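Okay, so here's the structure we're looking at.
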Amino acid sequence: MRIGVVGLGYVGLPLAVAFCEARQEVVGVDTDVRVVEALRRGQSHVEDVSPDSLRAVADRFHVSTRYAELAKVDAVVVAVPTPLTRNREPDLGPLVSAGTALAGVLQQDQLVVLESTTYPGTTRERFVPLLEESGLAAGKDFFAAFSPERTDPGRTDFTLRTTPKVVGGLTDECLRRAVELYELVCDEIVPLSTPEAAELSKLLENVFRSVNIALVNELAILCDRMGIDVWEVVEAAATKPYGFMSFKPGPGMGGHCLPVDPFYLAWRAREFDTQTEFIELAGEVNQRMPYFCVEKIARALNDHSKPVRGSRVAIVGVSYKPGVGDLRESPALRIMRLLREQGADVTYHDDYVPELAELDLRSEWPEDADCTVIVTAHPDLDVERIVRESVLVVDFRGVTRGIEAPNLVRL
Ligand SMILES: NC(=O)c1ccc[n+]([C@@H]2O[C@H](COP(=O)([O-])OP(=O)(O)OC[C@H]3O[C@@H](n4cnc5c(N)ncnc54)[C@H](O)[C@@H]3O)[C@@H](O)[C@H]2O)c1
């Protein structure tokens with residue numbers, strides 16, 4: 001098959017490479033010239049795709065900024081961003097421009113699958129009508145489906161191939177063709193009756209995580225007041241062999257998914273006169289965490305007879321999760337800004353993020369800091385060295401558990 005992938009980011013690029021590795025011809029289209037030029041030079045901007053894997057498929061992977069290249073493919077997968085507006089409402093801008101551009105090149109018999117996370121109804125009510133501007137009819141002249149992406153950047157125990165792939169087609173024939181496409185790269189396909197069910201299943205997965213993280217975060221704040229070790233509590237509960245799933249507290253949620261996707265559902269629910277209270281409350285609790293973290297840092301400094309103003313605070317780990325350099329919605333950035341507003345001299349260390357242009361900082365090892373704060377613990381972080389060399393350490397990830405030291409404060 002010849003397959004097109006629109007949007008070559010965290011989702012689209014690994015998928016494009018997987019199709020190439022399954023010996024298909026792939027055309028990747030991205031509107032960002034820098035992304036396309038870097039890929040042409042064999043450089044990957046996604047940690048999960050190595051330059052070696054790009055080199056290995058170079059003869060089957062063609063990248064371009066031009067949608068016209070998609071006129072010759074059999075199937076197109078769309079993985080463009082679905083962010084929020086400033087008012088935290090769905091921003092379908094990239095999706096609408098992708099659909100509009102695709103309509104200009106859409107061909108008879110092509111299959112188009114949307115993978116971007118979005119609210120139920122987007123494929124049928126927003127995306128397909130744009131494609132039909134081509135004059136072709138969905139389900140008859142071309143085929144449309146929704147298949148949510150489940151990738152977890154940095155994860156190695158489950159891959160695209162071993163993670164079951166949910167698919168919902170506009171018609172039975174749309175579903176059949178989409179299943180055939182994904183069978184090339186996934187061992188197990190989960191066919192659903194509609195695109196809406198597939199869209200909602202992805203949101204359920206992310207809302208589930210958001211709500212459970214909010215629950216342990218709320219518990220962490222309570223434990224802080226009560227003087228109980230929240231990590232010990234969570235670990236103890238997790239020894240129950242059934243009926244409990246362990247989630248860890250932390251400085252707040254980051255990334256493109258958890259802080260964003262639940263709002264897509266809450267927004268859509270309002271159209272149906274329904275308030276999704278759990279979802280909104282979870283968002284609020286998680287958004288509050290960076291503020292709580294700054295309070296905790298201020299208290300730790302106070303206990304060392306230091307004010308926040310004028311203190312040097314070194315943040316360790318600024319990406320939103322371990323093992324990746326992704327800064328999107330990272331709680332570390334919020335913590336750093338809040339500390340700066342209170343007059344702290346903020347520095348940071350992160351092997352995955354050499355530079356933070358928006359804060360005019362470069363990564364440096366935390367030296368001479370009044371307080372060193374572990375916000376994201378990358379896999380190779382030397383936690384013992386940090387505790388040994390720092391005057392005061394605040395750990396929001398529980399990675400110092402097992403270390404006894406008077407200069408250590410944990411969430
Ligand atoms: N990153 C994740 O872990 C993850 C996991 C599951 C689902 N998703 C979902 O997948 C979708 C894509 O996310 P991502 O993390 O890959 O985003 P990303 O920002 O890493 O990549 C998106 C790419 O699309 C390009 N793009 C934007 N508008 C375009 C257009 N009109 N035409 C062509 N290219 C365009 C951008 O230049 C960018 O390179 C989102 O809906 C996201 O919610 C992401």
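The values are calculated or read from the model by the stated rules, or taken from the named source; none is laboratory data. Just so it is clear, the structure is predicted and the values come from calculations on it, not from any experiment. Quick reminder, even Gly has a Cβ in these numbers, built from the backbone with ideal geometry, and neighbours come from all protein chains shown. Side chains are part of the model used for accessible areas, which takes the heavy atoms of the whole protein and leaves out ligands, DNA and RNA. Shrake-Rupley method; radii C 1.70, N 1.55, O 1.52, S 1.80 Å.
General observations
- Mean ellipticity per residue at 222 nm, deg cm²/dmol - from DSSP H runs of n ≥ 4 across the chain, formula -39500 (n - 2.57): -11000 deg cm²/dmol
- Charge dipole of the chain about the Cα centre (unit charges at C-beta), most positive-ward option of 26, 369, 8: 369
- Under the membrane-span-like helix rule (DSSP H runs whose alpha carbons stretch at least 27 Å along the helix axis, mean Kyte-Doolittle hydropathy -0.5 or higher), the chain yields 195-226, 277-303.
- Accessible surface of residue 244 - all protein chains present, 1.4 Å probe, nearest 10 Å²: 90 Å²
- Nitroxide proxy distance, nm - points 7 Å out along Cα→Cβ at residue 380 and residue 53: 1.9 nm
- Taken over the range 82-204, the convex hull of the Cα atoms encloses 112 Å³ per residue.
- Accessible surface of the range 1-99, 1.4 Å probe, proportion on carbon and sulfur as whole %: 48 percent
- With a Förster radius of 30 Å applied to the beta-carbon distance between residue 173 and residue 89, the computed FRET efficiency rounds to 0.30.
- Prolate/oblate/rounded call for the range 271-359, Cα gyration tensor, a/c under 1.5 rounded: oblate
- Accessible surface for the chain, divided over its residues, is 47 Å² per residue with a 1.4 Å probe.
- Interchain or long-range residues, amide H under 5 Å from residue 312's placed H: 345, 370, 371
- Note on the range 114-176: with neighbouring protein chains present and a 1.4 Å probe, carbon and sulfur make up 50 percent of its accessible heavy-atom surface.
- Stokes-Einstein D (µm²/s) once Rh is taken as the Kirkwood radius of the range 1-102 over alpha-carbon pairs, at 37 °C in 0.692 mPa s: 238 µm²/s
- In whole angstrom, the range 231-385 maps to an equivalent ellipsoid with semi-axes of 30, 20, 17, each derived as √(5λ) from the alpha carbon gyration tensor and ordered largest first.
- D_trans [Stokes-Einstein, Kirkwood Rh over alpha-carbon pairs] for the chain, 4 °C, 1.567 mPa s, µm² s⁻¹: 56 µm²/s
- Counting DSSP beta bridges with both ends in the chain, the antiparallel % (nearest 5): 10 percent
- Kirkwood hydrodynamic radius of the range 151-253, from the reciprocal of the average inverse Cα-Cα distance over all distinct pairs: 16.5 Å.
- Shape call, the range 306-411: gyration tensor on alpha carbons, a/c limit 1.5: oblate
- Estimated FRET transfer efficiency when R0 is 41 angstrom, pair residue 357-residue 242 (beta carbons, to 0.05): 0.30
- Estimated D of the range 130-174 in µm² per second, where Rh is the Kirkwood radius over Cα pairs and Stokes-Einstein applies at 20 °C, 1.002 mPa s: 168 µm²/s
- Computed extension gain for residue 156 through residue 38, at 0.36 nm per residue and net of the alpha carbon distance, reaches 40.0 nm.
- Computed P(r) (all Cα pairs; the range 237-282; 5 Å bins; percent): 5, 17, 18, 17, 15, 16, 9, 3, 0
- Taking every C-alpha pair closer than 8 Å and separated by at least 6 residues, the mean separation divided by the residue count of the chain gives a relative contact order of 10 percent.
- Nearest-0.05 FRET efficiency for residue 188 and residue 404, computed from C-beta distance (R0 35 Å): 0.15
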